[in-house]
Amino acid sequence: MGKRNRFPFIHTGIALGVMAALGTTPREAGAQQLEETIVTARRRAQDVQDVPLYVQAFDERAIRERMMKGFEDYARDLTSVSFGTSGPGASTIAFRGAVSQPSGFDTISSSTLYLDEIPITRDGQNPDVRLYDIERLEALSGPQPTLYGAGSQSGTLKIVTNKPNTTENGGWIMAEGGTISEGDPSYNVSGAANIVAIPDKLAIRLVGFYEHEGGYIDNILGTTSAYSPENGNRNNASQVGDDINDWTSEGARLYVRWQPNENWTVDAGIIYQNSEVGAGFDFNPAFGDLSTIKFKDEKRDDEWYNVSLIIQGDLGFADITIAGGTHNRTIDYDLDSTAYMTGYKTAGLDLAEYYSGVREFLDYDTCAATAYCYLFVNYNDFGADPTGLISLDQEVSSFAQEVRLVSKDEGSNKFNWLVGAFYERTNNDWDYLSSVDDFAANGGGGSIFTYYGVEPTNDWFDQGSRSDLSYNGKPGGRGNGQLQDIETVAVFAELSYRLTEDLTVSAGGRYFETERGVEENSLFVNQVSDNFTVSETTEDFSPRVNVTWTPTDEAMVYFTYSEGVRVGGQNGGVRQNPSSVALGAPLFFGPDRLINYELGGKATWLDGRLLTNMTLFIMDWEDYQIQVQLPVAGSTTVNAGNASIDGVEGTFAFALSDHWEISGAATYLDARIDEDIILNNGTIVAGEAGDPLPVVPEWKIVASLEYNTDLPWAGLSAMARFDYNFVDESVNGTNASVLLFGASATVPSVQPAYEIGSLYFSIDSEAGWSLWLGVDNLWDERALTFIVPRFGDDRAYTIRPREISLGWYKSF
């Protein structure tokens, strides 16, 4: 391939900076102005136009008007965010295209998710925090090493809840119901109460919600031959049903605020959420619109709670924040694995044909004389109908503590500074079982069990799941299948110096040390598979330098250099199987580094009626990590090489008149692998230079048009809003990430571009009530947000079908 031009937008970015600096005019009193958006992205409350980094933010009203309830909704409008998802509470989030594993399970995230001051990131399993009584949602693009103790390689997503108000009682109640074009109805009820116990001193805020989303996926009648002509004809008649993926979520929040004096605030809180999913959210377009063929009952139960204590104080010379808390979560799911095991069966037949010239599983004598036969061939013999189930019981617990000092910024300071320290420890433990109905009766005609000298079993792979068994001396059924212990200590700081009235330079960084330990205790066809304990420590430093020029009060141009680092570790499967090293499997995988150069500009025009923000960035991703499937070692994390991510992101808002407002956001990304991914001593080519990074659309665009007016009846106003979303095509993985799951088809699938429209109408009263009608997914687009490589059958996830909802809100 020819060398691509990595700097196509340099001239645009420079022109933007000049325009932002020279083309603005000051705001005039009485002019129709856009409302300020206050964010805390830099650990200070600031207008987003005064923050020298790219931030998208939505306040409480915007969240409601955009009909945002959870991840699926806001990920659509955050143009800098790329994601892979397999349903509520099972998402991978990345900023600016820095994603190599869109469906990771045991991978390390390139982004950080915060709920208030507590990081709750779980790559591939990020909690789907429901957006009730939320003050603000902030998305910060690019590495942020000097602002967040938890680290932030590609970006940070912050969900900020409303806190108690110590000055007045109040609250609200809300109810909403809706119907979708291809499924069951939905409804939710929620409310909040702010109770002042001691005026100006002590207040309590209570929040609760219950949400039910009707299902829209149908499990139709079919047989195992739907997944392969080499399967039999077992049917799923006992599992057939309509709208099987219904979902309920309930939660509560309690915050207590104590303000002993005007200088100190103490917030103590607990947040609880429980979600239950009736079945998977995937469908297979080959089986019909919103249709699937499943042979087992599926479920996903996801329960978590946060307990936090946040102390904020004014020390005179600086503001101090002491924030600590725990995050505890349990996940319990059952997943039909018929398609997955069919993929393994097909791979086994491919290998049997390679070894013997005959496309059938081998007898004991033939298999015993064939190298690696039991590892690659006969353990995939599940019989004619490989119906199976994957079950997981997982417990996550973490504790995080951050202390930071932020200098007082009076607007004329020569020096400003921030310094902080951070500690986090996470335990992530689970039991996992993959069973196949007829494996005990098959297993290479029983030869696999004879070879290992074990009793026949339907348990194909078992990580600590059976309570009547022992795993490496540890009891089963108690989260001993895999145990992860991750401990991080970090310090971070930033110093800013105002060189002139208009020019400020800041520099800082984050130093961290992370120890990541993994222990696995598992059985494969009833014999010891992986019994290992490994630990690896990563120490590194991530710098950040920023130069900001503010020629007027309404304009800003900035340049930033920053780095983000993701920790490394050891591959336990390689340590357990030393022979895999000779085949090219790495015992260790190192940290990867994202190096970011960005040039941005922000400006306010036309007396405050027009706001524009734009950032050009060039990023180099060195030694990026990816999980692959390697012979003998199995699932293995490797440093795949380098990738390049170049792009532009921008937002604007324009008050056309007293009644009309138009706004939008867009991100352009060119995210590609720089060099071939060659594994296993050159025998596997898992990616070629120039291949795109997965789930990264070239363009992601959001546009909105809003109309506001007073109604002829006293105290009433109305609003109408249209939102448009465009997401360009992308691929669902690299060859490496598709190969990970053992699927027969190893070519990444193209996820087509899609467009979504939404309408929202509301009537608001000065008496504190609102009534609204919303239409989401206006033209009932069947957007394929993620085609899952794990199962090899082109199953996909989509957005909800067209939904019409009616809601009512009352404040008091």
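The values are calculated or read from the model by the stated rules, or taken from the named source; none is laboratory data. What you see is a predicted model, and the numbers here were worked out from it, not measured in a lab. Note that we place each Cβ from the backbone using ideal geometry, even for glycine, and neighbour counts take in every protein chain shown. Heavy atoms of the whole protein, side chains included, go into the accessibility calculation; ligands, DNA and RNA do not. Shrake-Rupley method; radii C 1.70, N 1.55, O 1.52, S 1.80 Å.
Descriptive notes on the structure:
- The portion of the accessible surface of region 108-156 made up by carbon and sulfur, rounded to a whole percent, is 37 (1.4 Å probe; DNA, RNA and ligands excluded).
- In terms of its Cα atoms, region 177-290 spans 74, 29, 22 Å along the principal axes, sorted from long to short.
- Taking each of Lys69/Lys602; Lys69/Lys345; Lys69/Lys474; Lys700/Lys810 in turn, the alpha-carbon distance tops 32 angstrom for Lys69/Lys345; Lys69/Lys474; Lys700/Lys810.
- Computed from phi, the 3J(HN,Hα) profile of region 528-540 under the Karplus parametrisation 6.51, -1.76, 1.60 (θ = phi - 60°) reads 4, 10, 10, 10, 8, 9, 10, 8, 9, 10, 10, 10, 7 Hz, with x in place of Gly and Pro.
- With the simple model of a label 7 Å out from the Cα in the direction of the Cβ, Val189 to Leu773 spans 2.5 nm.
- For Thr248, solvent-accessible area (1.4 Å; no DNA, RNA or ligand), Å²: 30 Å²
- Degrees separating the helix 338-356 axis from the principal Cα axis of the chain, which is the longest one: 50 degrees
- With viscosity 0.692 mPa s and temperature 37 °C, the Kirkwood radius over alpha carbon pairs of region 531-603 converts through Stokes-Einstein to a diffusion coefficient of 208 µm²/s.
- Accessible heavy-atom area order of Met614, Met67, highest first, probe of 1.4 Å: Met614, Met67
- Of the three principal axes defined by the Cα atoms of region 200-255, the extents in descending order read 73, 19, 15 Å.
- Difference of contour (0.36 nm per residue) and Cα-Cα distance, Glu455 to Asn328: 41.9 nm
- Annotation note: GluC sites (Glu not before Pro) in region 298-403 located in DSSP loop regions with a Cβ neighbour count of at most 16 within 10 Å are Glu360.
- Translational D in µm²/s for region 282-343 (Stokes-Einstein at 4 °C, 1.567 mPa s, Kirkwood Rh from C-alpha pairs): 79 µm²/s
- Counting only heavy atoms of the protein chains and using a 1.4 Å probe, Thr550 has close to 40 Å² of accessible surface.
- Over region 472-616, relative contact order from alpha-carbon pairs under 8 Å, at least 6 apart, %: 18 percent
- In region 491-566, the ratio of gyration radius to Kirkwood radius, Rg to Rh, stands at 1.40 when only Cα atoms are counted.
- Relative to the longest principal axis of the Cα atoms of the chain, the long axis of helix 10-22 makes an angle of roughly 20 degrees.
- Based on the Kirkwood approach, the hydrodynamic radius assigned to region 559-705 is 18.2 Å, with every pair of different Cα atoms included.
- Computed from the Cβ-Cβ distance with R0 of 51 Å, the FRET efficiency linking Arg478 to Asn413 stands at 0.40.
- Residues in region 273-280 carry Karplus couplings, in order, of 8, 9, 10, 10, 10, x, 6, x Hz; the curve used is 6.51 cos²θ - 1.76 cosθ + 1.60 with θ = phi - 60°, and Gly or Pro positions show x.
- Virtual spin-label span in nm between Leu711 and Asn233, 7 Å along Cα→Cβ: 6.2 nm
- Debye log10 I(q)/I(0) at q = 0.05, 0.09 Å⁻¹ for the chain, Cα point scatterers: -0.27, -0.90
- q = 0.11, 0.18 Å⁻¹, region 263-385: log10 I(q)/I(0) [Debye, one scatterer per Cα]: -0.68, -0.98
- Over all Cα atoms in region 412-526, the spread is summed up by Rg and Dmax: 26.4, 82 Å.
- Surface accessible to a 1.4 Å probe, per residue, for the residues of the chain, Å²: 38 Å²
- 3J(HN,Hα) from dihedral phi, region 609-616, Karplus parametrisation 6.51/-1.76/1.60, rounded to Hz, x for glycine, proline: 8, 10, 10, 9, 9, 8, 9, 9
- Fully extending the segment from Asp468 to Leu254 would add 73.0 nm, taking 0.36 nm per residue of separation and subtracting the current Cα-Cα distance.
- Each peptide in 636-643, 487-494, 753-760, 450-457 was scored by the mean count of other Cβ atoms within 10 Å over its residues; highest first, the order is 636-643, 487-494, 753-760, 450-457.
- Taking all protein chains together and rolling a 1.4 Å probe, Phe83 ends up with roughly 40 Å² accessible.
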